[in-house]
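K.L.:
Right, I'll just put the structure down here and ask away after.
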Amino acid sequence: MARLSPAERLVRDLDWNLLRVFLAIAEAGSITGAAALLSLKQPSVSSALKRLEARLGATLVERRPGHFRLTPAGERLRVEAEEVRAAVLRLSDAVTEVEGQASGPVTIAMASHVISPHFDRVIAGFHRDHPAATFDIEVIASRTAIGAVQARKASFAVCLVSALPPGLEAEVLYRESFGLFCGPTHPLFGQRGVKLGDLAGLPSVSFRTDRVGDALQPVTEMRRAAQLDDRVVGTSVNLEEVRWMIWVGMGIGPLPLHIAAEDVAEGRLWRLPPYSDPPAIEVFLVWNPKQRLNSAEAELLARLRSEIAQTPADERAYDDATDAGS
């Protein structure tokens with residue numbers, strides 16, 4: 001009988017559940033957090049980590065009061081363990097795939113309230129052609145969405161990008177322009193002829209990424225030009241919450257023009273200056289070229305990239321001009 005190499009013995013003897021526990025530890029950043037994620041008791045998680053470290057002959061986590069960090073060996077194992085998890089998730093797809101149809105789960109990490117006719121058209125056509133595919137759409141902050149793609153937890157992301165991590169690729173899915181708005185209880189609501197200077201010192205609400213150096217910096221510059229009060233009274237990563245804060249009168253806030261158009265037409269919001277040259281923000285399709293995709297993920301990503309390639313940029317720019325209140 002041939003002697004097994006150390007690597008082969010590891011494959012034979014390793015309890016794969018230990019990798020699952022280790023990934024939970026890495027994701028939660030603590031033993032306690034991992035226990036909560038896995039619905040296990042804390043001693044069980046600690047014991048699993050010790051067994052994995054003993055089996056691999058390496059320290060994976062540095063732990064002391066107030067300090068938790070993966071070691072270099074732990075960081076490398078995390079990457080490899082994520083590959084193993086992704087491969088296991090694809091097993092059922094590989095054996096149950098319907099001939100001639102893409103199947104399997106598609107996980108989309110999406111920034112709040114993405115509204116794009118081009119994106120909608122691709123999703124609708126894909127679902128019609130491949131009904132065996134399933135969707136899991138998580139609405140999260142753009143930075144978190146990019147992290148999910150980087151960690152191979154999401155098939156791709158539709159989000160804002162301030163800095164693209166190495167190894168990921170992105171293309172502009174569409175562009176949207178922003179304006180400033182107020183709600184029905186605001187003193188400026190319904191007033192025509194409002195000048196930019198009339199906004200000086202007034203309270204505002206906005207997105208958490210509305211700050212210098214982040215994805216919404218052009219919006220930050222628009223608010224500064226309006227000289228709104230530096231103290232932002234309300235923030236959220238969710239567009240619906242920002243729109244709600246504007247509507248209830250907490251302050252003036254930014255929204256994409258094409259999304260706010262219906263609210264303006266129905267008298268729920270009122271657009272304020274600046275009326276010309278609104279700041280434009282690009283929304284990206286982000287994916288990880290090193291990620292092994294199931295048939296559904298690969299087909300949908302290909303369709304989205306084809307839509308981007310075949311549709312001129314100006315047709316993917318949503319600059320709907322709401323009532324300028326002039």
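Read-outs throughout are calculated quantities, based only on the coordinates presented, and are distinct from any laboratory measurement. Predicted model, so just to flag it, every value in this text is computed and none were measured. In this analysis, Cβ positions are derived from the backbone assuming ideal geometry, glycine residues included, and neighbour counts consider all displayed protein chains.
K.L.:
Have a look at the DSSP beta bridges in the chain and tell me what percent are antiparallel, nearest 5.
P.N.:
Taking every DSSP beta bridge with both residues in the chain, the antiparallel ones total about 55 percent.
K.L.:
Separate question: Exposure proxy check: LYS50, LYS153 ranked by fewest other beta carbons within 10 Å?
P.N.:
LYS50, LYS153
K.L.:
Remind me, what semi-axes does segment 174-281 give for its equivalent ellipsoid, largest first in whole Å, using sqrt of 5 times each Cα gyration tensor eigenvalue?
P.N.:
Working from the Cα gyration tensor, I get semi-axes of 18, 15, 14 Å.
K.L.:
What residues qualify as long-range amide H neighbours of GLY234, i.e. H under 5 Å apart, gap of 5 or more or another chain, H built at 1.01 Å from N?
P.N.:
SER206
K.L.:
Order by neighbour count: ARG51, ARG64, fewest other Cβ atoms within 10 Å first, most last.
P.N.:
Fewest-to-most Cβ neighbours within 10 Å comes out as ARG64, ARG51.
K.L.:
On to the next question. Ranked by Cβ crowding within 10 angstrom, fewest neighbours first, how are TRP270, TRP244, TRP16, TRP287 ordered? Walk me through the intermediate numbers first.
P.N.:
Details: TRP270 25, TRP244 16, TRP16 11, TRP287 21.
The order, fewest Cβ neighbours first, is TRP16, TRP244, TRP287, TRP270.
K.L.:
Still on this model: For the chain, what does -39500 (n - 2.57) per DSSP helix run (n ≥ 4), summed and divided by total residues, give at 222 nm, in deg cm²/dmol to the nearest 500?
P.N.:
Rounded to the nearest 500, it is -13000 deg cm²/dmol.
K.L.:
For the chain, max minus min Cα coordinate along each principal axis, in Å, sorted largest first?
P.N.:
Reported extents, whole Å, longest axis first: 89, 55, 31.
K.L.:
For LYS290, give me every one of the lysines with a C-alpha distance below 20 angstrom, ignoring sequence neighbours fewer than eight places off in its own chain.
P.N.:
LYS153
K.L.:
Only Cα pairs under 8 Å and at least 6 apart count here; give the relative contact order of the chain as a rounded whole percent.
P.N.:
Computed value for the chain: 20 percent relative contact order.
K.L.:
Sticking with this structure for a sec: Considering all alpha-carbon pairs of segment 6-84, what whole percent are spaced by more than 19 angstrom?
P.N.:
30
K.L.:
Next up: Assuming 0.36 nm per residue, please report the length gained on full extension of the stretch ARG55 to PHE135 beyond their Cα-Cα distance.
P.N.:
Extra length available between ARG55 and PHE135 comes to 25.1 nm.
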